[in-house]
Amino acid sequence: MKILITGGAGFIGSAVVRLAISRGHSVINVDVLTYAACLGNLEPVAHNNNYIFEKVDICDREALNTIFAKHSPDVVMHLAAESHVDNSISDPKVFVETNIFGTFNLLECSRNFLKEHNIPKEHFKFHHISTDEVFGDLGHLDSTESKKPKYFTEDSNYQPSSPYSASKASSDHLVRSWSRTFGLQYILTNCSNNYGPYHHPEKLIPKTILNAINAKKIPIYGKGNQIRDWLYVDDHADALISLIESNIVNESFNIGGNNEIKNIDLVYSICSLVEKCYPAESNKLMQESNMKNYSDLISFIDDRPGHDLRYAIDPSKIKQQIGWSPANNIETGLRKTVKWYISNQDWLNFYT
Ligand code: NAD
């Protein structure tokens, strides 16, 4: 298949590009290269004959029209977005522009492309990659609930809390409406928190690993009681590619790893994994700061406004319909991730 992937220089997008090419697909990566992008993530495929990079802003309709006409994709996998919740609180405008207006542009370009080239609607699909954060907050796990906890299903109500999740929720609604009104075939996926190699250093897991190695404070919001359901990024990429390879259209799927963990417990686990790979007593920076344990670097900071307490996914629909399940659990995935960051510190040079 010829797949136009937006945001392919980002964390998840680059994992999808690498996997799509390894499965024999052709990829056109459309990315404007914001601060979050890293071309280093694409080095394994940069010279592959099935890979093309186009530096284009999804908010630029004319440039997008040219890309569609030039490459005639069979599928769009739309991952380009502003993705960091903290940034959406300090500067929400670009979230509305990229996540809502950018998605609108792509939908319109897809629709016009089919019309102008007389391509039957059944020969094209639009896969929109979204987040579980659109469903809002599952709240505290109290003693009665812990026996029968709630999970997000494909039928959960939309109740976004942050400008980021509200912009993603809006884009989800646009995608469904373009299908219902204009007949554009879609797949919509809402995934839990991803982690793994090539994750931008601003995010919790890489920041914890890198701050530990560099003997810097490890900041945690509030008391670190927030619960997230973590999925190893290559497992997410596998789910996404498997869905577009299937015949399923006009359905949404929740994707998650059944790996719920409190932020504070996650950070302690990372500290002990870093200790195993790079003992604090052999780390010059830790010695210079008179620090014995990586966990001594943990520092609690004011909680994020509107911070959701718990997200958790029920992934049974995707398991039943295409037989997908994650190959990694949080132990195996975190071990690989910590090792990768310790062995690939040069990768950070791509950001400077
Ligand atoms: P990311 O921030 O790492 O990458 C986003 C990419 O989009 C970057 O390469 C950036 O340059 C590109 N981009 C941004 N604005 C653009 C524009 N106007 N035009 C073209 N390209 C643009 O994001 P990520 O973590 O890889 O997330 C990818 C998608 O998956 C997002 O849509 C996000 O909402 C969704 N998602 C992320 C997670 C997660 O845990 N990271 C979980 C579920 C869903």
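The values are calculated or read from the model by the stated rules, or taken from the named source; none is laboratory data. These numbers were taken from a predicted model, which means no experiment stands behind them. Neighbour counts are summed over all protein chains in view; Cβ atoms, including those assigned to glycine, are modelled from backbone coordinates with ideal geometry. Protein only, heavy atoms only, side chains kept; ligands, DNA and RNA dropped before computing areas. Shrake-Rupley method; radii C 1.70, N 1.55, O 1.52, S 1.80 Å.
Before moving on, here are some points about what is shown:
- Solvent-accessible heavy-atom area per residue, rounded to whole Å², over region 29-72 at 1.4 Å: 53
- Check: region 1-126 dipole with +1 on Lys, Arg Cβ and -1 on Asp, Glu Cβ, in debye: 480
- Its DSSP H runs of at least 4 residues, each contributing -39,500 (n - 2.57), put the calculated 222 nm mean residue ellipticity of the chain at -11000 deg cm²/dmol, to the nearest 500.
- Value of relative contact order over region 174-282, rounded to a whole percent, pairs C-alpha under 8 Å and six or more apart: 38
- Separation in nanometres of the label points that stand 7 Å from Cα toward Cβ, at Ser90 and Arg176: 3.3
- Taking every C-alpha pair closer than 8 Å and separated by at least 6 residues, the mean separation divided by the residue count of region 38-179 gives a relative contact order of 29 percent.
- Segment Asn112..Arg61, full-extension length gain: 17.2 nm, with 0.36 nm per residue of separation and the alpha-carbon distance subtracted.
- Cα lying deepest toward the dipole's positive end in the chain, options Phe104, Ile270, Thr34, charges on Cβ: Ile270
- Most mobile listed residue (Asn190, Asn99, Asn329) in the chain, GNM with C-alpha springs under 10 Å: Asn329
- Residue of Ser90, Ser165, Ser269 that the Gaussian network model of the chain assigns the largest fluctuation, springs spanning Cα pairs under 10 Å: Ser90
- Interatomic Cα distance distribution for the chain, bins of 20 angstrom, percent: 30, 58, 12, 0
- In region 268-327 the Cα-Cα distances spread across 10 Å bins starting at 0 as 17, 25, 20, 26, 11, 1 percent of all pairs.
- Each residue was assigned an accessible area with a 1.4 Å probe, and for His128 the value is about 0 Å².
- FRET efficiency for Asn48 and Lys217, using Cβ-Cβ distance with R0 set to 45 Å, rounded to 0.05: 0.65
- The chain: most fluctuating residue of Tyr198, Tyr294, Tyr35 per GNM, C-alpha cutoff 10 Å: Tyr35
- Shown in residue order for region 76-91 are the 3J(HN,Hα) couplings computed by the Karplus curve 6.51 cos²θ - 1.76 cosθ + 1.60 at θ = phi - 60°: 10, 10, 9, 10, 4, 5, 7, 10, 9, 4, 4, 5, 5, 7, 7, 8 Hz (x for Gly and Pro).
- Using a Förster distance of 30 Å, the FRET efficiency for Glu122-Lys317 (Cβ separation, nearest 0.05): 0.85
- Over region 1-119, the reciprocal of the mean inverse Cα-Cα separation, the Kirkwood hydrodynamic radius, stands at 14.5 Å.
- Around Gly196: net Lys/Arg minus Asp/Glu count, Cβ-Cβ under 9 Å: -1
- For Asp91, the solvent-accessible surface with a 1.4 Å probe is about 80 Å², rounded to the nearest 10.
- Counting only heavy atoms of the protein chains and using a 1.4 Å probe, Arg111 has close to 60 Å² of accessible surface.
- Fully extending the segment from Arg304 to Gln159, taken as 0.36 nm per residue of separation minus the present Cα-Cα distance, adds 50.4 nm.
- Listed by chain and number, the lysines whose alpha-carbon sits under 19 Å from that of Lys55, ignoring those within fewer than 8 places in the same chain, are Lys2, Lys70.
- In a simple Cβ point-charge model (Lys, Arg +1; Asp, Glu -1; nothing else charged), region 80-170 has a dipole of about 320 debye relative to its Cα centre.
- Rounded to the nearest 0.05, the FRET efficiency derived from the C-beta distance between Lys276 and Ser72 at R0 = 30 Å is 0.05.
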